[in-house]
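> Here it is: the structure, laid out below.
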Amino acid sequence: MKQYKFQSLADTNAFFGEKLKEAACRVIDSGWYLTGRETAAFESELAEALGCAHAVGTANGLEAIRLTFRALIENGRLAPGDTVLVPANTFIASILPLTQLGLRPRLVDPDPETMSVSYSRMADEVEKHPEVKAALPVHLYGLPAFDREGFDRLRDRGIVIVEDNAQAIGAETFDPASGKWLSTGTLGDAAAISFYPAKNIGALGDSGAVVTSDARLAETIRQLSNYGGSVKYHYDYQGYNSRLDEIQAAMLRVKLPYIAAERDRRAETARVYSGSITNPLVGLPYDSPSVRHAWHQYVVRTPERDRLQAWLEANGVQTMIHYPVPPYRQRCYRGVLEGDFPVADRLAAEVLSLPIANTSPSDAAEIASIINRYS
Ligand SMILES: Cc1ncc(COP(=O)(O)O)c(C=O)c1O
């Protein structure tokens, strides 16, 4: 029986042929492994690719979120105890840095159709809860959460916007106000990106970055990531060691030119899935002509999810669940994150991610026909 893997990082990296090995050797031979030329070049290439003034490499995506919020506190834009909106159905790494910094996450139940919390939905929440100071929209699965009306309402109320762009590098959204396509990562005060190996653009280990057009914020983040100072042995903040390694920067420089190509390749596979899955028991993910979805995950929904997963497994198709247990139901947040989130609960029981990272359109058509035979 043919096997359909969920993802093969070896295949992903084989696509780049000798280029990754050459880049790794260049760094090994240079004798310089941290805060050097590769990282500086990567940061300016990333900023340019997304259309931001600044990028700061970090150890991973979680650290990119942590450093951004800590810098906002150090710069006086937020204070410990402030309330930050965050979707109830996100990955736990969106929320850990908030609670660890003494900020108060206020969870927002997602929209059942998009599985996402839009900027407008966040703006509604700000109107109901004027104590909110910041919002952390998550472009979950690669779908931009931005909408112009919501963005303007958040801005009018002075809300700090930090995008969790961990899953959405390459995604774009059409902005009716300017008539332009805007990249996720430019839709707030700053954005955190993850280059975890399985992401659309992945390092060969942990890596991340913050992008922003706020020079002061970028500088504070850079200092915080380097123990708290920019001059060796002189520290303005009680910082962290959370830098991007030279070798990972070199790997990422090989991959950066493929941001749009990777998105479009996945979109082709997603189109085949959405055009071929006709089983009424299976709900398809939301898409719209006004977004260029990055399709980090292709997530279907079905009431008896575990049974569909077992059916696919029995037919050689590997799937995954993003995410089976929402953050507020995790043991670490017992008594901390409160409230009822019926949509997030239902999604946790119903979502199933189909293979997309290394799946060709013709394999997607075969997987769709396996799904169509499920009853
Ligand atoms: C939505 C979201 N936020 C944050 C992160 C954290 O990124 P990292 O794994 O690089 O720490 C991830 C990725 O794993 C993620 O999917």
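The values are calculated or read from the model by the stated rules, or taken from the named source; none is laboratory data. Bear in mind that the values here come from a model prediction, so they are computed numbers and not experimental data. When we count neighbours, we look across all protein chains shown, and the Cβ atoms used for this are built from the backbone with ideal geometry, even at glycine. Side chains included, ligands, DNA and RNA excluded: accessible areas come from the protein's heavy atoms. Shrake-Rupley method; radii C 1.70, N 1.55, O 1.52, S 1.80 Å.
> Could you give the nm distance between label points at Asp345 and Asp306, where each point is 7 Å from its Cα heading toward the beta carbon?
Result: 1.7 nm between the two label points.
> So, one more: Using only the alpha-carbon atoms of region 259-372, report the extent along each of the three principal axes, biggest first, to the nearest angstrom.
47, 34, 22
> Largest first, how would His322, His54 line up by accessible area (1.4 Å probe)?
Of His322, His54, the descending order of accessible area is His54, His322.
> Roughly how much of Thr114 is accessible, in Å² to the nearest 10, using a 1.4 Å probe?
Using a 1.4 Å probe on the heavy atoms, I get roughly 30 Å².
> Also: Given a 1.4 angstrom probe, what's the average accessible area per residue across region 43-107, in square angstrom?
Per-residue value: 31 Å².
> Would you mind classifying the chain by shape? Square roots of the alpha carbon gyration tensor eigenvalues, ordered a ≥ b ≥ c; an a/c under 1.5 is rounded, otherwise it is prolate if a/b is larger than b/c and oblate if not.
Oblate.
> Carbon and sulfur atoms: what percent of the 1.4 Å accessible area of the chain do they account for?
Reported share for carbon and sulfur atoms: 52 percent.
> Compare Lys232, Lys21 by solvent-accessible area with a 1.4 Å probe and give them largest first, with all protein chains kept in place.
Ranked from most to least accessible, the order is Lys232, Lys21.
> Right, something else. On average, how much accessible surface per residue is there in region 213-267, in Å², for a 1.4 Å probe, leaving out ligands, DNA and RNA?
Spelled out: the 1.4 Å probe surface of region 213-267, per residue, equals 51 Å².
> So what is the relative contact order for the chain, in percent, with contacts set as C-alpha pairs under 8 Å and at least six apart?
Taking the mean separation of contacting Cα pairs over the length of the chain, I get 23 percent.
> Between rounded, prolate and oblate, where does region 191-244 land on the alpha carbon gyration tensor, with a ≥ b ≥ c its root eigenvalues, rounded for a/c under 1.5, else prolate if a/b exceeds b/c?
Judged from the Cα gyration tensor, region 191-244 comes out oblate (a/c at least 1.5, b/c at or above a/b).
> Tell me whether region 176-216 comes out rounded, prolate or oblate; compute the Cα gyration tensor, take square roots of the eigenvalues as a ≥ b ≥ c, and use a/c under 1.5 as the rounded threshold.
In terms of gyration-tensor shape, oblate.
> Could you check the spin-label model distance between Ser290 and Ala215? Points 7 Å from the Cα along Cα→Cβ, value in nm.
3.5
> What list of ³J(HN,Hα) values in whole Hz, one per residue of region 124-136 in order, does the Karplus curve 6.51 cos²θ - 1.76 cosθ + 1.60 (θ = phi - 60°) give from phi, with Gly and Pro shown as x?
Result, ordered by residue: 4, 5, 5, 5, 7, 10, x, 6, 5, 10, 8, 10, 10 Hz.
> Follow-up question, since we're still on this one. How many lysine pairs in the chain, separated by 8 or more positions in sequence or lying on different chains, have Cα atoms less than 28 Å apart?
Total qualifying Lys-Lys pairs in the chain comes to 12.
> Compute the label zone of Ile28 within region 195-215: residues whose backbone N is under 20 Å from the point 7 Å along Cα-to-Cβ.
Once the point is set 7 Å along Cα→Cβ of Ile28, 203-206 turn out to lie under 20 Å by backbone N, inside region 195-215.
> Highest mean first, what order results for 135-143, 222-230, 120-128 on Cβ atoms within 10 Å?
Highest-to-lowest ranking by the protection proxy: 135-143, 222-230, 120-128.
> Using modelled amide H (1.01 Å from N, peptide plane; none on Pro or chain starts), what sits under 5 Å from the amide H of Asn89, excluding residues fewer than 5 places away?
Counting only residues 5 or more places away or on other chains, the set is empty.
> Please sort 359-370, 63-74 by packing, taking for each peptide the average over its residues of neighbouring beta carbons within 10 angstrom, highest first.
Top of the packing list down: 63-74, 359-370.
> Now for a different question. Taking the Cα atoms of region 144-232, report the difference between the largest and smallest coordinate on each principal axis, in whole Å and largest first.
Cα spread of region 144-232 along its principal axes, largest to smallest: 45, 31, 17 Å.
> Another question about this same structure. Near the amide H of Thr35, under 5 Å away, which other amide H atoms are found, from residues 5 or more places off or on another chain, if H is placed in the peptide plane?
Those qualifying (amide H under 5 Å, at least 5 residues apart or on another chain) are Glu246.
> Right, another one. Which order, highest average first, do 148-159, 85-96, 196-207, 4-15 follow once you tally other Cβ atoms within 10 Å for each residue and take the mean per peptide?
Final packing ranking: 85-96, 196-207, 148-159, 4-15.
> Shifting gears a bit: What does the helix-only formula give at 222 nm for the chain: each DSSP H stretch with n ≥ 4 adding -39500 (n - 2.57), the total divided by the residues, and the result rounded to the nearest 500 deg cm²/dmol?
So the calculated ellipticity at 222 nm is -11000 deg cm²/dmol.
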